[in-house]
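A short write-up of the structure that comes next.
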Amino acid sequence: MESSAAFDKNTVEFVTVAAEYCAYLEQVYDKEPEKVLDVLCKLLPLVYLKATMLPALEPEGLYLEEFVKEADYDEIRSLLAQKLGEYDDYLEVFVEDMKYSDTPVRKCISEDLADIYQALRNFVQSYRSGLDEVMTESVAVCAESFRSYWGQVLTNTLRAVHNVRYQDTFGTDGSYDDTAFYD
């Protein structure tokens, strides 16, 4: 692997955006639901854009530590579920199981955001090791995971977040309708 990929301009920008995403979700407990949705509508497309610009590398199979434990994942998911309340669920059509189902597949925005968080937090923590080999492998693994899993999750979730932000709980003028969350 080229160690310079770890310091590529696009990689550094992705690290910055990924770290911002993780930091925001870790502090969501003191944010109002409308603010969370507003930030996610801006942050998710940026994460997606920066991920598409990562250098094309193939993972070499180097062991990378998993920093996000089940309790961390559950805490993020629970906090988001609490913020979104009844708006957490959405119907998904871009899942493999949909081909074999007569009924829609129910997904949760909070779970999807936590899945993305897990991939990005593990990436950021590995990248922060400062070891060229680990940093480059973390870029390769994150880019591969983006292509195979969380990139699609992100786009599906953004659609659901957009719907809640602009259709269900906010007026057409963008003003927040507080009764929608707390009826």
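The values are calculated or read from the model by the stated rules, or taken from the named source; none is laboratory data. All values derive from a computational prediction rather than experimental measurement. Methodologically, a virtual Cβ is constructed for each residue, glycine included, from the backbone with ideal geometry; neighbour enumeration extends over all protein chains shown.
For the stretch 5-52, give me each residue that is within 11 Å of V139 (Cα to Cα) and of a type outside the set (V, I, T).
Passing the criteria: A5, A6, F7, D8, N10, F14, A51.
Note down all Cβ pairs under 8 Å where the first residue falls in the stretch 39-63 and is farther than 12 Å from A5 by Cα, the second is among the polar types (S, T, N, Q), and they're at least six residues apart or on different chains.
Matching pairs, first to second residue: L44/T157; Y48/T155; K50/N10.
Out of everything in the stretch 13-49 that is of a type in the set (D, E) and buried (at least 17 other Cβ atoms within 10 Å of the Cβ), what residue ends up being farthest from V124 (Cα to Cα)?
Our first condition is that a residue be of a type in the set (D, E); within the stretch 13-49, this holds for 13, 20, 26, 30, 32, 34, 38.
Narrowing the set further to residues that are buried (at least 17 other Cβ atoms within 10 Å of the Cβ) leaves 34, 38.
Values: E34: 27, D38: 24 Å.
Top of the filtered list is E34.
Of all the helices (runs of 4 or more DSSP H) wholly in the stretch 64-183, which have at least 2 residues that are over 18 Å from A6 (Cβ atoms) and modelled with pLDDT of 95 or more?
On the way: elements: 70-84, 109-127, 132-145, 151-163, 178-182.
By residue number, 70-84, 109-127, 151-163.
β-branched (V, I, T), buried (at least 17 other Cβ atoms within 10 Å of the Cβ) and closer than 28 Å to A140 by Cα, is that true of V68?
Values: β-branched (V, I, T): yes; buried (at least 17 other Cβ atoms within 10 Å of the Cβ): yes; closer than 28 Å to A140 by Cα: yes.
Yes, satisfied.
Test D38 against the stated conditions and say whether it is under 14 Å from A119 (Cα atoms) and over 13 Å from the mean Cα position of the chain (by Cα).
no
Just need a number here: residues in the stretch 1-31 that are closer than 15 Å to L54 by Cβ and not in a helix (DSSP H, G or I).
Residues in the stretch 1-31 being closer than 15 Å to L54 by Cβ and not in a helix (DSSP H, G or I): 3 in total.
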